[in-house]
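All remarks here apply to the structure that follows.
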Amino acid sequence: MNAELDRLQLVSRSPGETQEIGICLGKIAEPGDLFLLTGALGSGKTCLTQGIARGLDIQGHVISPTFVLVRQYRGRHLMYHIDLYRLDSIEEIMDLALDEYLYRDGICVIEWAEKGKDVLPFEHLAVELNSISASERSITIKSHGEYYQNMIASLKK
């Protein structure tokens with residue numbers, strides 16, 4: 001893969017800008033899409049997910065599913081918001097029966113995806129968020145698979 005085609009590097013200077021990036025992702029998302037979000041606590045994963053939800057025309061407030069692990073939202077398409085933060089082993093992640101969400105008719109957004117990297121599909125859009133300062137975030141979007149390479153091309157437009 002060509003590094004320029006499979007990666008997009010952005011800087012967000014506010015939570016609003018982080019949500020705008022998410023809105024762009026949500027507007028081009030289609031059923032079956034998988035967005036794997038990584039980053040430290042407070043880096044903006046849920047903020048980005050809120051933007052994805054807005055891009056999918058989901059009404060209401062999207063909150064982190066940390067304690068319930070999976071939340072489902074209905075908009076232009078279904079969105080499954082999954083949070084692996086509280087899970088400590090691959091066995092616990094496998095017990096979630098993620099296949100029931102990954103291969104259905106919705107978009108899956110998984111926070112703390114690095115915890116499940118051994119059992120999650122290779123083809124996905126990886127989004128890494130890192131804090132630069134109290135309000136700034138570095139956001140790296142990387143494709144894993146040709147489909148997601150095309151998604152990055154669409155985002156660049």
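What chymotrypsin sites (Phe, Trp or Tyr not before Pro) does segment 71-157 have in DSSP loop regions with at most 12 other beta carbons within 10 Å?
Tyr103, Phe122
Which value, in nm² and rounded to one decimal, describes the direction-averaged projected area of the C-alpha convex hull of segment 7-156?
In nm², the orientation-averaged hull projection of segment 7-156 is 7.9.
Taking Cα centroids, how far is segment 124-148 from segment 35-73 in Å?
When both Cα centres are located, 14 Å separates them.
Give me the distance in nm between label points sitting 7 Å out from Cα along the Cα-to-Cβ direction at Asp57 and Tyr147, one decimal.
Simple spin-label model gives 2.2 nm for this pair.
How about segment 1-64: which trypsin sites (Lys or Arg not before Pro) there are in a DSSP loop, with at most 15 other Cβ atoms within 10 Å of their Cβ?
Arg13
Assuming R0 = 30 Å, what is the FRET efficiency of Ser138 and Thr66, from their Cβ-Cβ distance, to the nearest 0.05?
0.80
Charges only on Cβ, +1 for Lys and Arg, -1 for Asp and Glu: so what's the dipole of the chain about the Cα centre, in debye to the nearest 20?
Using Cβ point charges on Lys, Arg, Asp and Glu, the chain gives about 660 debye.
Using packing as a proxy for protection, rank 57-66, 134-143 so that the peptide with the highest average count of other Cβ atoms within 10 Å comes first.
134-143, 57-66
Starting from the Cα of Tyr85, move 7 Å in the Cα-to-Cβ direction to define the label point; list residues of segment 95-109 whose amide nitrogen is under 18 Å from there.
109
How would you rank Cys108, Cys24, Cys47, going from fewest to most other Cβ atoms within 10 Å of each one's own Cβ?
Taking fewest neighbouring Cβ atoms as first place, the list is Cys24, Cys47, Cys108.
Quick one: order Glu111, Glu91 by neighbouring beta-carbon count within 10 Å, fewest to most.
Fewest-to-most ranking of Glu111, Glu91: Glu91, Glu111.
Which one of Ser135, Pro121, Ile82 has its Cα pushed farthest toward the positive end of the charge dipole of the chain, where Lys and Arg give +1 and Asp and Glu give -1 at the Cβ?
Ser135
Which lysines, on any chain, are close to Lys156 with Cα under 24 Å apart, when same-chain ones fewer than 8 places away are left out?
Filter leaves Lys27, Lys45, Lys142.
Specify whether the C-alpha gyration tensor of segment 99-157 places it in the rounded, prolate or oblate class, a ≥ b ≥ c being the square roots of the eigenvalues: rounded for a/c under 1.5, otherwise prolate if a/b is larger than b/c and oblate if not.
oblate
Under the 0.36 nm per residue contour assumption, what length would be gained going from the current alpha-carbon distance of Glu20 and Leu96 to full extension?
24.3 nm
Readers should treat all values here as calculations from the given coordinates under stated rules, not as data from a laboratory. Given the structure is predicted, the values throughout are model-derived calculations rather than measurements. Positions of Cβ are generated from backbone atoms using ideal geometry, with glycine treated the same way; all protein chains shown enter the neighbour counts.
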